[in-house]
Amino acid sequence: MKRYVLIMVASLMFLQLAPTVHAESLFQIKRKDQVTQDWEIHVDYPLFDQLQNKELQDKVNNSITSKLDHQFDMVKQGADETNGAPILYYEESDVYAEEEFYSVVMTSHLTTGNEHTSSVTSVNFENGKKSDLLPLKEMAHMDVLNKEVRRIIAQDPETYLTKQFKEVREDTAYYIEEEHLVLVFNKFEIAAGVHGTPQIQIPLERIEKEREDPYKAPIPSTV
């Protein structure tokens, strides 16, 4: 499993800028920095330009930029409602590759005054002939997945908010790593804030839906 890390962090947060790595030249790194009196935005994000399927490439890039545009609008709108408290928004992105399965996991951090929240989204796809993105419900049997998550968090009640967890959201961020599906939850979603954005790993064989191999030629129909 390959992991390519893109991290853009505001200097105000006193975090170190991680080195940028291109995933075999499949994507280029774009940067967006905007600073005003009321808000700051600092983001690095990938845009793919070497995927095999150009229709899929457009969908992937549109999903990434649409999400960022929505977040930027929320920041600017929120700045009008904070009575002068500046808003800091920064985002870090991880690109994971498991053979031809790619995941762009985007973690958004929003700070307003003394409040700090983090939320996670992902864009998942196979770099092949198919043109569809792969949301979580297309990868996993959600009922089985929920049972597995409940089982895991029940084993560690000191870390997880077992009573708060209801079910895995269909838009929960995820990626694939060494035959495991890794869920990435929002801050405060299943654990106290000190745990950040918790991750839970589940063996794929337990929850994976059977999907058509995008690289396998279709069997000709008989006449």
(message) Which residue is nearest to Ile64 (Cα to Cα), if the candidates are limited to segment 192-202 and must be at pLDDT 95 or above and open to solvent by less than 30 Å² (accessible area, probe 1.4 Å)?
(response) Pro198
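Collect the residues in segment 27-52 that are open to solvent by 20 Å² or more (accessible area, probe 1.4 Å) and under 21 Å from the mean Cα position of the chain (by Cα), keeping them in residue-number order. Full working, then the answer.
Taking segment 27-52 first, the residues open to solvent by 20 Å² or more (accessible area, probe 1.4 Å) are 28-40, 42, 45, 47, 49-50, 52.
Hits for segment 27-52 are Gln28, Ile29, Lys30, Arg31, Lys32, Asp33, His42, Tyr45, Leu47, Asp49, Gln50.
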(request) Of the numbered conditions (1) under 14 Å from Val104 (Cα atoms); (2) at pLDDT 95 or above, Glu55 fails exactly one; give the number of that condition. (result) (1)
(message) If I ask for residues that are under 21 Å from Tyr175 (Cβ atoms) and touching a Leu at 6+ places or on another chain (Cβ under 6 Å), which ones from segment 60-99 would you list?
(response) Asn61, Ser93
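To keep it simple, each residue is scored yes or no on (1) open to solvent by 30 Å² or more (accessible area, probe 1.4 Å); (2) more than 26 Å from Asn53 (Cβ to Cβ); (3) in contact (Cβ under 8 Å) with a residue 60 or more places away in the chain; (4) outside any strand (DSSP E or B).
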residue: Arg150; (1), (2), (3), (4): yes, yes, no, yes
residue: Thr162; (1), (2), (3), (4): yes, yes, no, yes
residue: Tyr175; (1), (2), (3), (4): no, no, yes, no
residue: Val182; (1), (2), (3), (4): no, no, no, no
(request) Specify which of the listed residues (Glu55, Glu98, Glu92) is open to solvent by 40 Å² or more (accessible area, probe 1.4 Å) and within 24 Å of Thr197 (Cβ to Cβ). (result) Glu92
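Return the total of residues in segment 117-148 being farther than 29 Å from Asn62 by Cβ and open to solvent by less than 90 Å² (accessible area, probe 1.4 Å).
If we filter segment 117-148 for residues that are farther than 29 Å from Asn62 by Cβ, which is where we start, we get 143-144, 146-148.
From what's left, open to solvent by less than 90 Å² (accessible area, probe 1.4 Å): 144, 146, 148.
Adding up the residues that qualify gives 3.
The values are calculated or read from the model by the stated rules, or taken from the named source; none is laboratory data. The shown structure was predicted, so the numbers you read here are calculated from the model rather than taken from an experiment. For neighbour counting, all protein chains shown are included, and Cβ atoms are generated from backbone atoms with ideal geometry for every residue, glycine included. These accessible areas exclude ligands, DNA and RNA; they are computed on the full protein's heavy atoms, side chains included. Shrake-Rupley method; radii C 1.70, N 1.55, O 1.52, S 1.80 Å.
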